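For reference, the structure is listed below as structure tokens.
Derivation of every value follows stated rules applied to the coordinates shown; laboratory data play no part. Since the structure is predicted, the reported quantities are computational estimates derived from the model, not experimental observations. Neighbour counts run over all protein chains shown; Cβ positions are idealised from the backbone, glycine included.
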Amino acid sequence: MKIVFTAKGKEWNSPVDPRFGRTEYFFIYDDEKNEVSIANNADSSKEAHGAGPKTAQKLFDLNADVLITGNGPGENAATVLNQTGLKIYVGAGDMTIKDAYDAFKNDKLPLFKAKK
Amino acid sequence: MKIAIASGKGGTGKTTLSVNLASYLSETFNVTLIDLDVEEPNAGLFLNGKKILSEEKFKMIPEWVKDKCTLCGICQEVCNFHAVIQLGTMILVFPELCHSCYACSELCPVDALPAKQKKIGDLTHYKINKLNFIESKLTIGEEQAVPLIKQTVEYVDSHFKDQIKIYDSPPGTSCPVIESVKGADFVILVTEPTPFGLNDLKLAVETVRELNKKFGAVINRFGAGNNEVIDYCKKENIPVLAKIPDKKEIAELYSKGHLLYKEIPEVLNELEKIKTFIFNEVKGGVK
């Protein structure tokens with residue numbers, strides 16, 4: 001299973017980025033291969049508009065199974081992510097990636113539900 | 001002649017000044033007042049007008065035609081606003097992000113993104129005695145004020161030539177304000193003598209200077225707060241066109257939706273000063 005975290009850094013003890021569209025990094029953990037990889041999303045900070053859909057598109061290309069984030073994607077990004085079958089967990093905004101992963105494993109993170 | 005009434009800070013009295021100045025000037029001249037605060041127009045609360053006409057306003061957004069699409073990806077590459085996104089074998093369009101630039105529609109090699117109309121608001125024309133009043137109201141859920149403001153200004157330019165036009169602008173200093181102010185011959189910045197008023201006045205001054213506009217300040221609720229706004233205007237050589245006094249009587253009349261200058265001579269006097277200043281400043285503007 002491929003798990004993606006919105007992240008402010010590249011380490012397990014880095015904080016989760018509570019924002020979706022303008023997250024600095026994607027921290028990608030493949031728990032079958034026990035492999036970590038990083039995707040940089042820093043260019044989203046330059047977007048005046050539409051950072052959410054753009055970031056969602058990047059995430060789509062990563063082919064992940066699970067997204068763990070803080071506040072949850074906005075409406076536009078959620079529209080994109082709804083097409084992907086990705087499971088989105090929120091509420092990890094003030095955790096480190098490691099803590100967020102443990103919380104996810106113990107079913108402590110709420111599942112995000114899009115409005116539409 | 002086009003006069004934009006703007007402010008950095010909200011609630012300083014833009015609409016109060018707009019409706020009073022427009023009504024006052026319309027006693028002598030041909031005047032059109034335009035409420036460009038399309039997200040929350042409120043000038044109409046002070047004007048009991050007769051509705052002349054109402055029309056719907058639209059913007060154009062692309063609509064994906066799946067059967068024609070070859071998934072070449074040009075549309076999402078040319079969109080600066082990420083309003084068109086390709087996901088695998090799907091193209092998603094986000095109407096709220098679209099700025100109607102037509103790039104995707106025009107550059108699609110197989111015409112799979114034709115532009116379609118989407119309603120963004122309503123424009124209504126009222127008449128109050130001699131005064132023409134145009135109000136545009138953004139449709140609920142529509143995020144962009146600029147296209148409606150632009151169409152409203154265009155409508156007024158083509159329908160009301162040779163009139164004094166007064167634009168009641170939105171607050172702040174962002175795109176809707178730029179759109180409202182950029183065609184004006186003169187900008188009145190309404191402020192109040194408080195630290196908030198001063199802070200936002202400075203932002204508004206930076207904005208109109210960037211746009212190379214002639215402008216002056218009107219201080220509302222003069223006598224409240226402190227002297228910092230006056231001192232700042234002096235230091236920056238910004239003409240203070242008028243000072244509307246801080247009076248309970250004014251607040252009471254305002255809360256009833258009355259025009260102030262008809263009942264308070266001091267306000268009439270300040271409007272006269274504004275008129276004299278602007279007419280001197282904008283030469284050949286009045287016909």
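Helix-only arithmetic for chain B: the sum of -39500 (n - 2.57) across DSSP H runs with n ≥ 4, divided by the residue total, places the mean residue ellipticity at 222 nm at -9500 deg cm²/dmol. The mean number of Cβ atoms from other chains found within 10 Å of a Cβ in peptide A:81-88 is 1, as a whole number.
Taking label points 7 Å from Cα along the Cα-to-Cβ direction, B:Ser255 and B:Met60 give a separation of 5.0 nm.
Only the Cβ atoms of Lys and Arg (+1) and of Asp and Glu (-1) were treated as charged; on that basis the dipole of region A:2-105 about its Cα centre amounts to roughly 200 debye. Close amide H pairs (under 5 Å, H built 1.01 Å from N) link A:Ile68 with A:Val4, A:Phe5, A:Thr6, A:Tyr89, residues at least 5 positions away or on another chain.
The slack in the chain from B:Ser174 to B:Thr139, taken as 0.36 nm per residue of separation less the alpha-carbon distance, amounts to 10.6 nm. For region A:53-70, list residues with backbone N below 18 Å from a point placed 7 Å from the Cα of B:Leu71 toward its Cβ? Only A:57-64 pass the distance filter.
Listing A:Asp30, A:Asp61 from the residue with the fewest other Cβ atoms within 10 Å to the one with the most, what is the order? If you can, show how the numbers build up before the last one.
Details: A:Asp30 14, A:Asp61 11.
Lowest to highest Cβ neighbour count: A:Asp61, A:Asp30.
Annotation: cysteines of chain B without a disulfide-compatible partner (Cβ-Cβ under 4.7 angstrom) are B:Cys69, B:Cys72, B:Cys79, B:Cys98, B:Cys101, B:Cys108, B:Cys175, B:Cys233.
Taking square-rooted eigenvalues a ≥ b ≥ c of the alpha carbon gyration tensor, is chain B rounded, prolate or oblate, where a/c under 1.5 means rounded and, failing that, a/b exceeding b/c means prolate? Taking the square roots of the gyration eigenvalues as a ≥ b ≥ c, chain B is prolate. Helical content of chain A, expressed as a calculated mean residue ellipticity at 222 nm, amounts to -7000 deg cm²/dmol (DSSP H runs of 4 or more residues, -39,500 (n - 2.57) each, divided by residue number, nearest 500). Shown for B:His82, B:His159, B:His125: other C-beta atoms within 10 Å of each C-beta, ranked fewest to most, produce the order B:His159, B:His125, B:His82.
With a 10 Å Cβ neighbour count serving as the proxy for reagent exposure, in which order, fewest first, do B:Cys104, B:Cys69, B:Cys175 appear?
If I rank by nearby Cβ atoms, fewest first, I get B:Cys175, B:Cys69, B:Cys104.
The B:Met90 and A:Lys10 beta-carbon pair, evaluated with R₀ = 45 Å, returns a calculated FRET efficiency of approximately 0.90.
Here the simple spin-label model places points 7 Å from the Cα toward Cβ, and for A:Asp61 and A:Met1 these points are separated by 2.6 nm. Specify the inter-centroid distance of region A:15-85 and region B:1-67, based on alpha-carbon positions, in whole Å. Cα centroid to Cα centroid, the span is 41 Å. Once backbone amide H atoms are built at 1.01 Å from N, B:Ile166 has B:Ile3, B:Thr32, B:Leu33, B:Ile34 as its partners under 5 Å, excluding neighbours fewer than 5 places away on the same chain.
Could you give the length gained on full extension between B:Thr276 and B:Glu236, defined as 0.36 nm per residue of separation minus the Cα-Cα distance, in nm?
Result: 12.2 nm gained on full extension.
Taking every residue in B:87-97 and counting other chain Cβ atoms within 10 Å of its Cβ, the average works out to 4.
What is the sum of charges around B:Asn199, taking Lys and Arg as +1, Asp and Glu as -1, for the other residues whose C-beta is under 12 Å from the C-beta of B:Asn199? Around B:Asn199, the charge tally is -2.
For the peptide A:50-60, the mean number of other protein chain Cβ atoms found within 10 angstrom of a residue's Cβ is 4. With helices defined as uninterrupted DSSP H runs, which ones in chain B have an alpha carbon span along their own long axis of at least 15 Å and mean Kyte-Doolittle hydropathy of at least -0.5? Within chain B the helices that satisfy the rule are B:14-26, B:146-159, B:195-210, B:265-281. Backbone amide hydrogens, once placed in the peptide plane, bring B:Ala224 within less than 5 Å of B:Asp246, excluding anything fewer than 5 places away on its chain.
Restricting attention to region A:2-105, close to 70% of DSSP beta bridges with both partner residues there are antiparallel. Extending 7 Å from the Cα toward the beta-carbon at both B:Lys119 and B:Tyr102 defines two label points whose distance is 2.5 nm. When each of the peptides B:161-172, B:46-57, B:209-220, B:110-121 is scored by the mean number of other C-beta atoms lying within 10 Å of its residues, the order from highest to lowest reads B:161-172, B:209-220, B:110-121, B:46-57.
Across the options A:Thr84, A:Asn71, A:Ala103, the greatest Cα extent toward the positive end of the charge dipole of region A:71-116 (unit charges at beta carbon of Lys, Arg, Asp, Glu) belongs to A:Thr84. Among the listed pairs B:Lys14/B:Lys150; B:Lys51/B:Lys118; A:Lys58/B:Lys182; B:Lys247/B:Lys273; B:Lys213/B:Lys273; B:Lys57/B:Lys243, give every one whose C-alpha distance is greater than 27 Å. A:Lys58/B:Lys182; B:Lys57/B:Lys243, as the Cα separations exceed 27 Å there.
Tell me whether region A:1-63 comes out rounded, prolate or oblate; compute the Cα gyration tensor, take square roots of the eigenvalues as a ≥ b ≥ c, and use a/c under 1.5 as the rounded threshold. Because a/c hits 1.5 or more and a/b fails to exceed b/c, region A:1-63 counts as oblate. Packing here is the average count of other Cβ atoms within 10 Å per residue, and on that basis the peptides B:247-256, A:43-52, highest first, run A:43-52, B:247-256. Phi-derived couplings, Karplus 6.51 cos²θ - 1.76 cosθ + 1.60 at θ = phi - 60°, listed residue by residue for region B:40-55: 8, x, 9, 4, x, 5, 9, 10, 8, x, 9, 6, 9, 7, 9, 9 Hz, with x used for Gly and Pro. Which entries in B:Lys234/B:Lys275; B:Lys161/B:Lys235; B:Lys50/B:Lys248 show an alpha-carbon gap greater than 28 Å? From B:Lys234/B:Lys275; B:Lys161/B:Lys235; B:Lys50/B:Lys248, over 28 Å: B:Lys161/B:Lys235; B:Lys50/B:Lys248.
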